[in-house]
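One structure is given below, encoded as structure tokens.
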Protein chains: 4
Amino acid sequence: MADTPSIEQLNARLAKSPFNSWLNLAVTKIEEDAIEMTAGWREEWVVNAERGYTHGGILAALVDVVADYAIAAKHGMPVPTVDLRVDFHRAAKGDMRCVGKLVRLGSQFTTAEAYVYDASGALCASGRGTYFTAPPAPPKA
Amino acid sequence: MADTPSIEQLNARLAKSPFNSWLNLAVTKIEEDAIEMTAGWREEWVVNAERGYTHGGILAALVDVVADYAIAAKHGMPVPTVDLRVDFHRAAKGDMRCVGKLVRLGSQFTTAEAYVYDASGALCASGRGTYFTAPPAPPKA
Amino acid sequence: MADTPSIEQLNARLAKSPFNSWLNLAVTKIEEDAIEMTAGWREEWVVNAERGYTHGGILAALVDVVADYAIAAKHGMPVPTVDLRVDFHRAAKGDMRCVGKLVRLGSQFTTAEAYVYDASGALCASGRGTYFTAPPAPPKA
Amino acid sequence: MADTPSIEQLNARLAKSPFNSWLNLAVTKIEEDAIEMTAGWREEWVVNAERGYTHGGILAALVDVVADYAIAAKHGMPVPTVDLRVDFHRAAKGDMRCVGKLVRLGSQFTTAEAYVYDASGALCASGRGTYFTAPPAPPKA
């Protein structure tokens, strides 16, 4: 396993990824087995122009990336997602704060989870994924 | 249940949703219990600038929307997603062709699935979700 | 919402359910938004007679019931499972200790999760489900 | 990949597994990328003695095994389940008929799905799992 990366190193990695940049993602805190990230709202996220709610696909993408970056904070880099589950708890608007956690770090597979909150602190979505942490896994931006 | 909508009506609905428009989504075929849609690639979808692969979050969003529009083709309109599972089968590039199908249409919950293919016809991602089809469910764009 | 039940009331409810009795389930602790249960091994659980590992289907059943009883500890009774995700972390043997937690208690849907540990304290499986907590939901044993 | 097994070989493998035997599982048909199995009801399956419904944990176990045996019909033997999703469509009673299908056979992971029907032909549960088909994967009964 590589040295654990710094917040700056993870943010530099996010910046090189076009979609992660488009999501305005930034790592704000790294803790033991957990990471905190923010995602900055943009008008293209909206599912319904009248209500202004964020599309569930954006929330799903956030769960995927944030859980993966909880792994990156341990493993040195994000790894390929094998599969993902997302639960939608309530309609979301605006900037999001996200927390990613390791459920179980394995040599071949890792289960990680993420929680997505709105500015008021309400939990809008959460979920977990299986990530492929085997040594030959190719790096993903 | 409302009258079943036409391809034009579903495309008009997609066009009103900022994120669905950004995904360049279009309905191309409606069949009994199934729908076919296309999604037009854009450079912001890329996860890794060197390789040019599409981000898993985009594929997850496509699974969510396309399964929901399989319901819309029956139910008259898309309905809220309760939860979603996505399996990532292979790296994706370029425009995508998507097929959505009803697994089981229920009065309160509906299970629907979607398959996402690249231009060569390779299956890149697939998944299923639970959608809330109860009468009081608020419409979602 | 009903009065929150006691450990004895939840165990009496488990005892009335043939499959839950067969799993030798017992509630051992109720905490705010969490529950602890035990499941007593039986030889029919084994997937592979040579190795003695417990079948993944048993672990899936434990995740389902224990997450549901985290809801029962709040809601008064278990409610129908809409869907379930289970991650298998390592081969399991013997009696299991399980922890169920609420992820988000909703008026119509509740997301709850469960963790299944072996006697050594190793996490063998975990997962989460969507449960139907709407008022007209019929009781489930 | 091993030679594809016969119905008799798969049933002999099921018979050696205590839990699969307890589920009264039998393979009844093998098709290209699909398998049909039956599961014989037993009174311990019941979740609620008054109503006689089968416990969701049994349905989850059936989805797991039947999807895995769709792989076994191709791959020679069942392989470890990485994770599982199950959707519960309606209350189930009595003997079940199950269909397993490959969604995508991969060198490292395979996605397979299963459908569980009651004697009237109603779909009671369905789901999909990620299975570990990499060469070094240890056999599972």
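Counting only lysines at least 8 places from D:Lys74 when in the same chain, those with an alpha carbon closer than 28 Å to its own are B:Lys101, D:Lys16, D:Lys29, D:Lys101, D:Lys140. For D:Gly106, the residues whose modelled amide H falls within less than 5 Å of its own, excluding neighbours fewer than 5 places apart on the same chain, are D:Thr111. Can you check what the net charge comes to around A:Gly94, using other residues whose Cβ is under 12 Å from the Cβ of A:Gly94 (Lys, Arg +1; Asp, Glu -1)? Its environment carries a net charge of 0. Per-residue mean of foreign Cβ neighbours for B:103-115 is 4 (Cβ atoms of other chains, 10 Å radius).
Modelled label positions at D:Ser21 and B:Glu31, each set 7 Å beyond Cα in the direction of Cβ, lie 4.4 nm from each other. The mean number of partner chain beta-carbon atoms within 10 angstrom of a residue's beta-carbon across peptide C:74-82 is 3.
Charges were assigned to the Cβ only: +1 to each Lys and Arg, -1 to each Asp and Glu. The resulting dipole of region D:51-113 about its Cα centre is roughly 220 debye. Each copy carries a label point for D:Asn11 at 7 Å from Cα along the beta-carbon vector; from one copy to the others these points are 4.4, 5.4, 6.5 nm apart, nearest first.
Counting Cβ atoms of other protein chains within 10 Å of each Cβ in D:26-37 and taking the mean gives 0. Annotation: average projected area of the protein assembly as shown is 23.6 square nanometres, based on the convex hull of Cα atoms across all directions. Note on the protein assembly as shown: helix-only mean residue ellipticity at 222 nm, from DSSP H runs of 4+ residues weighted -39500 (n - 2.57) and normalised by residue number, equals -7500 deg cm²/dmol. Each copy carries D:Gln108; placing its label point 7 Å along the C-beta direction from Cα gives inter-copy distances of 1.1, 3.9, 4.1 nm, listed from smallest up. Geometric descriptor of region B:7-132, per residue, is 91 Å³ (volume of the convex hull of the Cα atoms). Taking the Cα centre of region C:7-132 as reference, the dipole from Cβ charges on Lys and Arg (+1) and Asp and Glu (-1) amounts to some 80 debye.
For the protein assembly as shown, a simple Cβ point-charge model (Lys and Arg +1, Asp and Glu -1, everything else neutral) yields a dipole of about 0 debye relative to the Cα centre. Copy-to-copy label distances for C:Glu32, where each label lies 7 Å from Cα along Cα-to-Cβ, are 2.3, 5.6, 6.0 nm in order of increasing length.
Throughout, read-outs are computed from the coordinates displayed, never taken from laboratory work. Worth saying up front: this structure is predicted, and the values here are computed from it rather than measured. Note that we place each Cβ from the backbone using ideal geometry, even for glycine, and neighbour counts take in every protein chain shown.
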